[in-house]
Amino acid sequence: MTTETQIRQALGNVLVPGVQRSIVGLNMVRGITISEGKVSVNLASTGLVPGAQDWIKDRTRDAIEKLPDVKEVSFEYSQAKAKDLNKIGQMIAVMSGKGGVGKSLVSSMIAIALKRQGYEVGILDADITGPSIPRIFGVKGPIGGNDDGLLPVLTKSGIEVMSINLLLPDENEAVIWRGPLIGNIIKQFGEDVLWGNLDYLIIDLPPGTADAPLTVLQSLPVSGIIVVFTPQDLVDMIVKKAVNMAQKMEKRIIGVVENMSYLYVPEINKKIEIFGKSRGEQMAKAAGAPLLGQLPIDPQVAKLCDEGNIESYTSKVFDEFSQKLAGIIKAEH
């Protein structure tokens with residue numbers, strides 16, 4: 001006799017159009033009943049236009065009818081808000097006291113590292129006026145959705161992404177909004193996007209300590225913060241401001257990352273500290289958190305970001321960063 005577990009396993013192969021993630025992964029299967037060979041499935045219609053609902057219904061029927069002893073399959077769609085379907089293990093915000101330190105790149109690296117370790121991961125690009133995550137991953141809109149929720153876009157390796165750039169008719173269009181409007185869209189991204197079942201949602205915060213990062217830390221259940229900085233002398237004060245904000249918001253800093261730490265020149269086998277001597281250990285002490293990594297200036301990274309192919313990046317430094325991050329994440333549990 002077919003069991004609910006078998007049915008859910010079969011439905012794991014039914015992908016939502018546009019997102020290409022399963023209805024199980026997006027937590028859209030709300031209920032399954034089995035009685036004398038008759039299977040009834042209740043699905044959430046969140047984010048689905050009528051055509052997509054019909055398509056999913058047909059694929060769901062095909063998947064279930066192949067199971068043993070199934071005689072009849074019936075369906076029902078029910079409304080549900082995205083925030084009621086989302087099950088997110090941890091939200092990790094990536095923060096910097098100033099712009100231009102490579103925060104979005106580090107957010108991307110964190111997401112890629114966690115995805116390669118087998119976790120389900122999403123990235124919320126909360127930098128509304130300077131979004132760059134879609135370009136880094138090579139994803140584009142338009143996104144799908146309805147009144148109950150918006151559907152994220154999936155990257156090549158299966159990372160869910162939501163960004164204001166995916167909603168704009170032209171990615172080069174400037175977002176000229178005042179603070180309250182930016183705050184509202186960030187809240188919507190947190191509540192109205194159908195993330196489904198995720199182990200980690202990485203939130204790429206806007207730089208600084210003003211309205212936008214404050215909105216994220218106040219309105220979303222952020223479980224920890226990773227602070228990004230570069231080696232310049234000015235950074236000491238900037239990092240301490242970010243640390244101070246995190247402490248006032250009662251958010252724990254789980255690690256710090258020094259980006260653009262050095263440039264390695266293989267021809268002479270030398271590291272050149274372009275922005276000055278590393279301040280990684282000093283900043284880690286100031287934040288009261290471990291130093292997760294000292295990432296170099298790597299021309300290959302810039303090339304892959306421009307191509308939207310960052311997920312193919314590999315290096316010894318990145319592997320070490322991933323291992324250190326994995327150790328911290330496991331300790332968190």
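The values are calculated or read from the model by the stated rules, or taken from the named source; none is laboratory data. Computed from a predicted structure; not experimentally measured. Neighbour counts are summed over all protein chains in view; Cβ atoms, including those assigned to glycine, are modelled from backbone coordinates with ideal geometry.
Residues that are within 30 Å of A44 (Cα to Cα) and either of a type in the set (D, E, K, R) or in a helix (DSSP H, G or I) (or both) within segment 86-107 comprise just one, K87. Taking the condition surrounded by fewer than 19 Cβ atoms within 10 Å (Cβ to Cβ), in contact (Cβ under 8 Å) with a residue 24 or more places away in the chain and on the phi < 0 side of the Ramachandran plot, does K103 pass? For K103, the condition - surrounded by fewer than 19 Cβ atoms within 10 Å (Cβ to Cβ), in contact (Cβ under 8 Å) with a residue 24 or more places away in the chain and on the phi < 0 side of the Ramachandran plot - is not met. Taking the numbered list (1) modelled with pLDDT under 85; (2) within 17 Å of K83 (Cα to Cα); (3) surrounded by fewer than 16 Cβ atoms within 10 Å (Cβ to Cβ) in turn, T129 passes all entries but (2).
Name the single residue, out of those in segment 69-85 being more than 10 Å from S45 (Cβ to Cβ) and in contact (Cβ under 8 Å) with a residue 40 or more places away in the chain, that is surrounded by the fewest Cβ atoms within 10 Å (Cβ to Cβ). Restricting to residues being more than 10 Å from S45 (Cβ to Cβ) and in contact (Cβ under 8 Å) with a residue 40 or more places away in the chain, the top hit is D69. Search segment 269-295 for residues being touching a Ser or Thr at 6+ places or on another chain (Cβ under 8 Å) and in a loop (DSSP other than H, G, I, E, B), and hand back the single one that is surrounded by the fewest Cβ atoms within 10 Å (Cβ to Cβ). Looking at residues that are touching a Ser or Thr at 6+ places or on another chain (Cβ under 8 Å) and in a loop (DSSP other than H, G, I, E, B), I get E273. For segment 4-62, which positions are over 25 Å from the mean Cα position of the chain (by Cα) and assigned to a strand (DSSP E or B)? Selection gives G31, I32, T33, I34, S35, K38, V39, S40, V41, N42.
Applying a threshold of 6 Å to beta carbon distances and a minimum spacing of six or more residues, or different chains, the list of pairs starting in segment 34-59 at a residue that is farther than 23 Å from W195 by Cβ and ending at one that is in a helix (DSSP H, G or I) reads V39/I64.
Residues of segment 296-314 that are assigned to a loop (DSSP other than H, G, I, E, B) and either at negative phi or in contact with an Asp or Glu (Cβ under 7 Å, 6 or more places away or on another chain) (or both): P296, D298, N309, Y313, T314. Looking for something surrounded by fewer than 16 Cβ atoms within 10 Å (Cβ to Cβ) and under 22 Å from the mean Cα position of the chain (by Cα) - is there at least one such residue anywhere in segment 255-268? Looking for residues that are surrounded by fewer than 16 Cβ atoms within 10 Å (Cβ to Cβ) and under 22 Å from the mean Cα position of the chain (by Cα), one finds none in segment 255-268, hence no.
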